[in-house]
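Participant: Starting off with a structure, shown below.
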Amino acid sequence: MISHEVLIAEDEAALRYIYDRILTSIGLTVLPAKNGQEAIDLLTTHTPRLIFLDMLMPHVNGVQVLDYIATQPRLGSTYVVIASSASDYEKYALHRPLTEFRLKPILPTQIRDIALHHTQAQPK
């Protein structure tokens, strides 16, 4: 099984846990971040294949994380899923390559399918 890193930037612990369970079950390595600053810190030393990015987080928000990603050429092939309960954030996905918007709640099957598609992990 191919293992790839997936960054989960989500301030709600229960949602991080759900992402972790789904993604590790298909052989992916999860990099959890409970706020935007932790996400940026992880991105300085990791190059994940996929990022699930909450937009409303403490300290540093999702927009600031997107801005950081845009300045890092090595993250140019990382796929970003913007996840928010506020549809206003959809505009941030419209003109960014390799970025999509998903309105929360994201179903577990959607998380799994997105991850399988963008990481080429092999389902169990």
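Participant: Given Cα pairs under 8 Å that are at least 6 residues apart, what percent is the relative contact order of the range 48-124?
Facilitator: 29 percent.
Participant: If you don't mind, there's one more thing I want to ask. Run the simple label-point estimate for Gln64 and Asp88 please: 7 Å along Cα→C-beta, distance reported in nm.
Facilitator: 1.7 nm
Participant: A further question on this structure: In a shell of Cβ-Cβ distance under 12 Å around Thr44, excluding Thr44 itself, what net charge do Lys and Arg (+1) and Asp and Glu (-1) give?
Facilitator: -1
Participant: Still on this structure, please answer the following. Using a Förster radius of 22 Å, what is the FRET efficiency between Leu107 and Tyr17 based on their Cβ-Cβ separation? Nearest 0.05, please.
Facilitator: 0.90
Participant: Pick out, from Pro58, Leu103, Gly27, the residue whose Cα sits farthest towards the positive end of the charge dipole of the range 5-119, with +1 on the Cβ of Lys and Arg and -1 on the Cβ of Asp and Glu.
Facilitator: Value computed over the given set: Gly27.
Participant: Based on the mean of other Cβ atoms within 10 Å per residue, sort peptides 99-106, 49-56, 36-43, 22-29 so the most packed one is first.
Facilitator: So the peptides 99-106, 49-56, 36-43, 22-29, ranked by packing, come out 49-56, 36-43, 22-29, 99-106.
Participant: Let me ask something additional. Report, in debye and to the nearest 20, how large the dipole of the range 5-124 comes out about its Cα centre when Lys and Arg carry +1 and Asp and Glu carry -1 on their Cβ.
Facilitator: 340 debye
Participant: Rounded to two decimals, what is the ratio between the C-alpha radius of gyration of the chain and 2.2 N^0.38 Å?
Facilitator: So the Cα radius of gyration is 0.95 times the expected 2.2 N^0.38 Å.
None of the figures in this text is laboratory data; all of them are computed from the coordinates on show. Keep in mind that this is a model prediction, so the values were computed, not measured. A quick note on method: Cβ atoms are made from the backbone with ideal geometry, for glycine too, and the neighbour counts reach across all protein chains shown.
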